Amino acid sequence: MRRRVGEAMGVAVCLAVVLAGCADSGDSGEAGKAQAGKGEHAGSTSYQISDRVMSLDLEGGGGDVTLTAGTGPITVTERMEYLGRIPVTSHSVVNGTLRLTTDRCSAVGVCKVSYTITAPAAVAANLVSKGGAISVSGMSGAVAVKADGGRVILDRISAPTVTVNTGGGPADVTMSAMPRSVSVRTRGGELTMALPGGPYAVTAKSAGGRKEIGVTTAATGAKVDVSTAGGKTTIKQA
């Protein structure tokens, strides 16, 4: 299954979603004129995924990403902000993996698509945002996130493995079950982590920030490997 939103569907997008000033549609309404006067366009669209999905792979173009555990089919809302050409988004399911992508953003000005997703807790998630924040809540499948600049918040996570990389924003990780391994890298932002149970085999490196380790540690414990490039590191008992 594959869907795309682009130039050929400009009019349909403007009619089907709340979209003001769509550059590809030639919208001449009052809302379109008002938004076009700012030189910026915005809108949103929502859909459900009926296919069986075991993992989610998202590559965003700069907007925020919010993933929340829920029941029933996966639901996705895309919110666009752009100057010039409308960005292209696509979604497809192949071999149980739902892939969401953003493409064709202008090299200058505003161009981003934010995603709000609800999915069954057991779905594994691999999320990338090229500038926006990432928030994940209640998931039990493996979680891997990369934010090139935005904040990362993982809340009530019971996944066996967690991997976080931020390009400057802070990271806040709260586990609701003891993981097998957690790896977090921040290039400047602070790191705060809350872990249940223990013990943990903690490796914590910081290029200038303070470190506070408040969990029971042991060489044979679950692996926690964290590194910050200047921000404070806090690992506490959940």
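The values are calculated or read from the model by the stated rules, or taken from the named source; none is laboratory data. Here the structure is a predicted model, which is why all the values come from computation and not from measurement. As a convention, Cβ positions derive from the backbone with ideal geometry for all residues, glycine included, and neighbour counts pool all protein chains shown. The area values use the complete protein model at the heavy-atom level, side chains included, leaving out ligands, DNA and RNA. Shrake-Rupley method; radii C 1.70, N 1.55, O 1.52, S 1.80 Å.
Observations on the structure shown:
- Karplus (6.51, -1.76, 1.60) ³J(HN,Hα), θ = phi - 60°, over region 136-144, in Hz, Gly and Pro reported as x: 10, 9, x, 7, 10, x, 3, 10, 9
- Stretching ALA207 away from ARG180 to a fully extended chain increases their span by 7.1 nm, per 0.36 nm per residue minus the current alpha-carbon distance.
- Extension gain, ARG85 to LYS232, is 48.8 nm, computed as 0.36 nm per intervening residue step minus the present C-alpha separation.
- Within the accessible area of region 155-226 (1.4 Å probe), percent carbon and sulfur: 46
- Probe 1.4 Å, protein heavy atoms only - accessible area per residue of region 39-118 in square angstrom: 43
- The heavy atoms of MET178 present about 90 square angstrom of accessible area, all protein chains included, probe 1.4 Å.
- The solvent-accessible area of MET80, taken with every protein chain present and a 1.4 Å probe, is close to 10 Å².
- For the set LEU67, LEU83, the ranking by accessible area, highest first and with no ligand, DNA or RNA atoms included, is LEU83, LEU67 under a 1.4 Å probe.
- Estimated from the Cβ-Cβ distance and a Förster radius of 22 angstrom, the FRET efficiency linking ALA122 and THR220 is about 0.20.
- Counted charge near ALA204, where neighbours are those whose Cβ lies closer than 14 Å (Asp, Glu -1; Lys, Arg +1): +4
- Relative contact order for region 151-238, counting Cα pairs under 8 Å that sit 6 or more residues apart, in percent: 29
- Accessible surface, region 121-187, averaged per residue in Å² (probe 1.4 Å): 35
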